[in-house]
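Working notes for the structure below.
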Amino acid sequence: MLVSRCAATVGKARRCAAPLRGHGSPWACLGSRAASATAEREDMARIADALRPYGSEEGRVRLEKDASGRQAWLSLVNPGKKNALSGKMMAELHDAVKELREGDEYKSTTTLFVQGTEDFFCSGADLGILMKKFTRQDGLDMSWLMQRTLHDLRALPQISVAVVNGGAMGGGTEIVLSTDFRVFQSKANFRMVQTTLGLVPGWGGGTRLVNLVGRTKALEVLCGAPKLDADGLAELGIADCVSGPDETAEAAAERFMKPFYDAKYPGAVQGAKSIIGFAHDHSDIDVSLNHEREVFSRAWQGEENKHALAEIDRARQARRAAQQQQK
Ligand SMILES: CC[C@@H](C(=O)O)C(=O)SCCNC(=O)CCNC(=O)[C@H](O)C(C)(C)COP(=O)(O)OP(=O)(O)OC[C@H]1O[C@@H](n2cnc3c(N)ncnc32)[C@H](O)[C@@H]1OP(=O)(O)O
């Protein structure tokens, strides 16, 4: 058995929901939410450590950044198994997301590309290791870790994109669904095979699919388990961009992500992403509006805002000077 999740943490998170739904001060709840978030992170670290022995050296998760530090690449590398995730790789994915969130090296990173290798994105959990060796409780621990890791990936300040070459299957589709955007090579495919294995998604993919395509289409994709091509994925709204026939998914993704990479004020983009994520994840509008106000208070008269206003001022003065000269 790996490690059981902390029941107290879950209880705390649940108790916290009541005051946030209208009664009392939402701020009163934030202290205990922060404490439960810390306890949950400790749980995740323990589960990740327990998973590390399950995997060979060749399967690994790689995190790199470009020379400017603005663009990061997270690669799932296990080509002999179509980039299936061993326990070790899940632990490394957890570590990489933590590094992106907290590491000084990634403070100026604005865009994150999540990829497999040239011929495949990811075929899900490593069936050989995980499904043969894991007890029921181990499976639950894995599900808990992967749900949190992919939730944290989605909540990163960086704008993220899944770059899909070849195919994505099972848990691989759940990783694809966890990023902000999805770019597919024109010959790539996507199949949520879970029900054909007598399973359901365990990494948060079922919930994310419904949020993305709606109930009816989610039933088609998940319960029917069709193999979807890039055009079908674009029609469903799962693919945000499909590459040209002779273009790699990487090239298409770089093009698609350019506005985020080039953004003049990355802090404002991060703030906007935070508002969108918060509104999406909280059904109580007062909670979302509080969060929006908090983000706004940091942006208003902040460095970026001051810089933008000074630029507008300089441009206005230059225009006036030019008009004076013309007179
Ligand atoms: C609990 C998590 C759960 C979830 O939440 O969804 C899962 O992820 S369960 C896993 C779901 N994934 C699958 O069922 C995929 C199974 N694999 C395939 O259907 C096919 O391999 C493929 C991915 C469609 C590729 O087919 P093809 O191009 O014909 O290549 P091969 O079949 O020859 O594969 C090459 C090699 O890779 C091994 N492989 C592929 N996927 C996995 C996997 N998920 N785990 C372990 N190993 C995998 C495959 O066995 C071949 O190995 P060799 O036979 O040794 O060459």
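The values are calculated or read from the model by the stated rules, or taken from the named source; none is laboratory data. Since the structure is predicted, the reported quantities are computational estimates derived from the model, not experimental observations. We place every Cβ from the backbone using ideal geometry, glycine too, and count neighbours over all the protein chains shown. Heads up: the accessible areas ignore ligands, DNA and RNA and are worked out on the full protein's heavy atoms, side chains in. Shrake-Rupley method; radii C 1.70, N 1.55, O 1.52, S 1.80 Å.
A few points about this structure:
- Residue list for the stretch 283-312, restricted to those being open to solvent by less than 100 Å² (accessible area, probe 1.4 Å) and either in the same structural domain as Pro157 (by the TED database) or more than 17 Å from Lys264 (Cα to Cα) (or both): Asp284, Asp286, Val287, Ser288, Leu289, Asn290, His291, Glu292, Glu294, Val295, Ser297
- Count of the stretch 125-141 residues, restricted to those that are buried (at least 22 other Cβ atoms within 10 Å of the Cβ) and in contact with a Leu (Cβ under 7 Å, 6 or more places away or on another chain), is 3.
- Of the residues making up the stretch 122-146, those that are more than 10 Å from the ligand (Cβ to nearest atom) and in contact (Cβ under 8 Å) with a residue 24 or more places away in the chain are Lys133, Thr135, Gln137, Asp138, Leu140, Asp141, Trp144, Leu145.
- Of all residues in the stretch 293-303, one or more are farther than 30 Å from Lys187 by Cβ and among the acidic types (Asp, Glu).
- No other residue among Ala252, Ala239 is within 30 Å of Thr196 (Cα to Cα) and at pLDDT 95 or above apart from Ala239.
- Within the set Thr149, Thr111, the sole residue that is more than 16 Å from the ligand (Cβ to nearest atom) and either of a type in the set (D, E, K, R) or buried (at least 24 other Cβ atoms within 10 Å of the Cβ) (or both) turns out to be Thr111.
- Verdict on Leu93 being in the same structural domain as Asp180 (by the TED database) and more than 8 Å from the ligand (Cβ to nearest atom): yes
- Subset tally (residues that are within 7 Å of the ligand (Cβ to nearest atom) and assigned to a loop (DSSP other than H, G, I, E, B)) for the stretch 169-179: 1
- Residues in the stretch 65-120 that are touching a residue at least 40 places away in the same chain (Cβ under 8 Å), in a helix (DSSP H, G or I) and within 20 Å of Tyr261 (Cα to Cα): Val97, Leu100, Arg101, Glu105, Tyr106.
- Among the residues listed as Arg182, Arg208, the single one being within 15 Å of Ala239 (Cβ to Cβ) and either in a helix (DSSP H, G or I) or in contact with a His (Cβ under 9 Å, 6 or more places away or on another chain) (or both): Arg208
- For the stretch 78-104, taking the residues that are out of contact with any helix residue (DSSP H, G or I) (no Cβ under 8 Å at 6 or more places or on another chain) and surrounded by fewer than 16 Cβ atoms within 10 Å (Cβ to Cβ), the one that is farthest from Ile159 (Cα to Cα) is identified as Gly80.
- Looking only at the stretch 223-264, residues that are farther than 18 Å from Ala188 by Cα and open to solvent by less than 70 Å² (accessible area, probe 1.4 Å) come to 5 in all.
- The single condition from (1) more than 11 Å from the ligand (Cβ to nearest atom); (2) surrounded by fewer than 24 Cβ atoms within 10 Å (Cβ to Cβ); (3) within 26 Å of Phe184 (Cα to Cα); (4) not hydrophobic (A, V, I, L, M, F, W, C) that Gly166 fails is (1).
- Candidate set: the stretch 195-221, residues that are within 15 Å of the ligand (Cβ to nearest atom) and among the polar types (S, T, N, Q); chosen: the one nearest to the chain's Cα centre (by Cα): Thr207
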